[in-house]
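Student: Below is one structure. I have some questions about it.
The values are calculated or read from the model by the stated rules, or taken from the named source; none is laboratory data. Keep in mind that this is a model prediction, so the values were computed, not measured. Surface accessibility is based on the protein's heavy atoms, side chains included, excluding ligands, DNA and RNA. Shrake-Rupley method; radii C 1.70, N 1.55, O 1.52, S 1.80 Å.
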Amino acid sequence: MIDLKEYAQFSTLLIFGNIENLILASQGATAHVNPVILGGLSLIAVIIWLLIGTYGTKMAIKYADYIEIIGGVAIILLGIEAMLEGVGIL
């Protein structure tokens, strides 16, 4: 049985990660990428991250605060980059 309390510390990254996935998907759509390929690659990435998250949580739980800060900063920076590319600044 999985104890969801162990994963609660990573809930913010889960929310922002899903937002980032939507941003990346919109970038692919505006770049006219084949949606089937984009969907397949996205699904593969989600499964890989699920496996890493499931098995890596036990080892990384003591570093949860640092991981959340670094992950949040990375997601914000990638989101800003995506928006700037979307409006043609980059």
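Student: If I compute solvent accessible area with a 1.4 Å probe over the protein chains, what percent of it on the chain is carbon and sulfur?
Tutor: Numbers: 5430 of 7120 Å².
Summing carbon and sulfur atoms, their accessible area is 76 percent of the total for the chain.
Student: Could I ask something else about it? With every protein chain present, what is the per residue accessible area of the chain (1.4 Å probe, Å²)?
Tutor: Numbers: 7120 Å² over 90 residues.
It amounts to 79 Å² per residue over the chain.
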